[in-house]
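For reference, the structure is listed below as structure tokens.
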Amino acid sequence: MITTGITVQRQAGALGALVTGVDLAAGVDDETFGAIYQAFLDHHVICLRGQQDLTPAGQLAFAARWGTVSVHPYVPSIEGHPGLMRIYDPNPVTQTWHADTTHTPRPPALTLLLARAIPPYGGDTMWSNAHRVYEDLSPGLRETLDGLRAVHRGTELAASAGLDREAVTTTHPVAARHPVTGRRALFANANYTVRLDGWSEADSAPLLRHLYDQVGRPEYVYRHKWRVGDLVIWDNRATQHSVVGDTAGAERTLHRVTIEGDVPA
């Protein structure tokens, strides 16, 4: 598909598309931005290839077209660029299937991640279509989930930053509706969800484990092999993601900006 000079090429059956023919450093007009935004809604994860000339200030400016830039409550920004974070070595948190910072009352709507340095092998990122995960469950289970909420709590990073448990704990629907498309998606993840609201952790564990097992099924997943200059934008309300931790210590540097979201409903 070619629109306003850009090409959108689907990358996997469930989600993911490659967008070429756009130079963000030179600026994009409203029509081109509209085509990019539609590709984002259609595919949930898009990669704008060849954006290595985009400066940190330019990345923040482009991100601001998507909404209000979020400043992480306890992970520092790159000096001089509030809201722009450096992401590097894969770790146990990033290697677990998750959506970002769902322990907050208004989790991010989307994330823009720009590859600055990529190892010769390893460090791929995988995304799963959380709409499909939910929609392919049995009708009875979907009906059950529609009436449930889950308790989300910040990771150990929050505790090490001096935040108390109540400050990083909230509840969200297990099957939240996307604020733009209205589609439900699984909105519980192994990083932040500790139990179902009103249930004990022991009673919650079997159902949550079953749901998490669905997220990584190959038919729901797009695996992205990074190139320097890739700007990947993903919908935090429609996907979960996980990093493959096989870089063997080689340098992997990406710059991340997140956009504020709504209260999940």
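The values are calculated or read from the model by the stated rules, or taken from the named source; none is laboratory data. Keep in mind that what you see is a predicted model, and the values were worked out from it rather than measured. Backbone-built Cβ (ideal geometry, glycine too); neighbour counts: all protein chains shown.
Laid out as a table, the results:
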quantity: Residue match in the range 224-236 (condition: touching a strand residue (DSSP E or B) at 6+ places or on another chain (Cβ under 9 Å), at pLDDT 95 or above, among the aromatic types (Phe, Trp, Tyr) and surrounded by fewer than 23 Cβ atoms within 10 Å (Cβ to Cβ)); calculated: yes
quantity: Tally, over the range 41-57, of residues that are surrounded by fewer than 21 Cβ atoms within 10 Å (Cβ to Cβ) and out of contact with any Leu (no Cβ under 7 Å at 6 or more places or on another chain); calculated: 7
quantity: Matching residues, the range 11-32, being touching a residue at least 12 places away in the same chain (Cβ under 8 Å), assigned to a helix (DSSP H, G or I) and either in contact with a helix residue (DSSP H, G or I) (Cβ under 6 Å, 6 or more places away or on another chain) or surrounded by fewer than 17 Cβ atoms within 10 Å (Cβ to Cβ) (or both); calculated: 24, 25, 31
quantity: Yes/no for residue 90 being part of a loop (DSSP other than H, G, I, E, B) and crowded, with 19+ Cβ neighbours inside 10 Å; calculated: yes
quantity: Residues (in a helix (DSSP H, G or I) and touching a residue at least 12 places away in the same chain (Cβ under 8 Å)) located in the range 39-68; calculated: 39, 40, 41, 42, 43, 56, 57, 58, 59, 60, 62, 63
quantity: Condition met for residue 216 (at pLDDT 95 or above and at positive phi); calculated: no
